[in-house]
Every structure is written in structure tokens, then in C-alpha cells.
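The structure appears below as C-alpha cells.
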Amino acid sequence: MREMIFRMAALQPVQIDPESIKPLKRRNVKISNDPQTVAARHRRERISERIRILQRLVPGCTKMDTASMLDEAAHYMKFLEKQVQSLEQAAAVGGGGMSTKTTPPASHYSHNLVRGYVE
């Protein structure tokens, strides 16, 4: 069932522009100016932003707690790596015009996907 959801999601475009993801607004909260507190808050905001981006990328993860969403993201990454391997094998066997010399390994894609871009 999970793989079927992943296959369907692979056909849909995803918007991952970090500027389109709005951070949550704080109300009635006294914000400290202590440098350590400011640095920790900035770190947490960056983590939250990247979690929201990951939720957009992984199908079915919009309403999950963080631990479940990260687990689902790991399953989705494994699924995508299998898809890349099967496409590379099909291209190598069928000579689909795509050589393995010009195609980066699957690890290249997964590493850059986590950063939010693919070269």
C-alpha cells in the first residue's frame, strides 16, 4: 500500500521553495535577547523549516508527528533509491541512451534531496 502511494506521488509536482513556507508566529511571548537563546531559537527555526519542507516532499506526511514523519521519509528515500537503481539497470540493459558514466549514483540524489535541491 505504501509503495502504491509513493508511485502515485512520484507523478505529482512538488513545490519546495523555502520562501513559500511560512514560519509560525509567536503571540504574547517575551523573546529573550540573550545570544545563546537567540542562537538556539534560530537553530530550532531552521530545523522546523526543513521539517516542513520534508513534509511537502514525502507523500502522506502532512499531518504526522516528527518521529513518524522521519520514519516515513526514510522509507520513501529507500523506495526512490530502488526506483533509480531499476531505471539505471533498465537503461543499461535496453541501451536507452543513458550511460552509467554520465548518471550520478543514487546516493548523489538522496544527499542533495535532503539539502533541498538536485543538481
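The values are calculated or read from the model by the stated rules, or taken from the named source; none is laboratory data. Because the structure is predicted, anything quoted here is derived from the model rather than measured. These area figures cover heavy atoms from the full protein model, side chains too; ligands, DNA and RNA do not enter into them. Shrake-Rupley method; radii C 1.70, N 1.55, O 1.52, S 1.80 Å.
Taking only alpha carbon atoms, segment 38-91 gives an Rg to Rh ratio of 1.16, where Rh is the Kirkwood radius.
Of the listed residues Glu88, Glu3, the order by accessible area with a 1.4 Å probe, largest first, is Glu3, Glu88. Converting phi to 3J(HN,Hα) with the Karplus coefficients 6.51, -1.76 and 1.60 and the offset θ = phi - 60°, segment 68-77 yields 5, 5, 5, 5, 5, 5, 5, 4, 5, 5 Hz in sequence order, with x at every glycine or proline.
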